[in-house]
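The values are calculated or read from the model by the stated rules, or taken from the named source; none is laboratory data. Treat the numbers as computed from the prediction; the structure is a model and nothing was measured. Note: ideal-geometry Cβ built from the backbone for every residue, glycine included; neighbour counts use all protein chains shown.
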């Protein structure tokens with residue numbers, strides 16, 4: 001993989017093609033970049049409000065991260 005974790009910009013709103021291609025091939029560092037990119041979205045989806053108090057449902061959070069990994073591995077890059 002040519003792009004490291006530290007070079008992934010938080011301002012950049014997209015995952016680069018080389019990172020995506022490496023992640024679909026099973027590169028752990030690339031998969032970490034993708035997980036960090038989608039972390040805020042996954043956290044928001046897993047947030048539950050009960051009686052005015054919000055918290056992150058850990059089970060839902062883990063299931064969403066697992067689905068992201070599975071979808072990334074199944075993604076076809078041409």
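Only residues that are in contact with a strand residue (DSSP E or B) (Cβ under 7 Å, 6 or more places away or on another chain) and within 20 Å of residue 71 (Cα to Cα) were counted across the range 19-59, and they come to 2. Residues in the range 29-78 that are at pLDDT 95 or above and in a loop (DSSP other than H, G, I, E, B) were compared, and the one that is surrounded by the most Cβ atoms within 10 Å (Cβ to Cβ) is 46. Scanning the range 15-28 for residues that are closer than 27 Å to residue 58 by Cβ and not in a helix (DSSP H, G or I) turns up 15, 26, 27.
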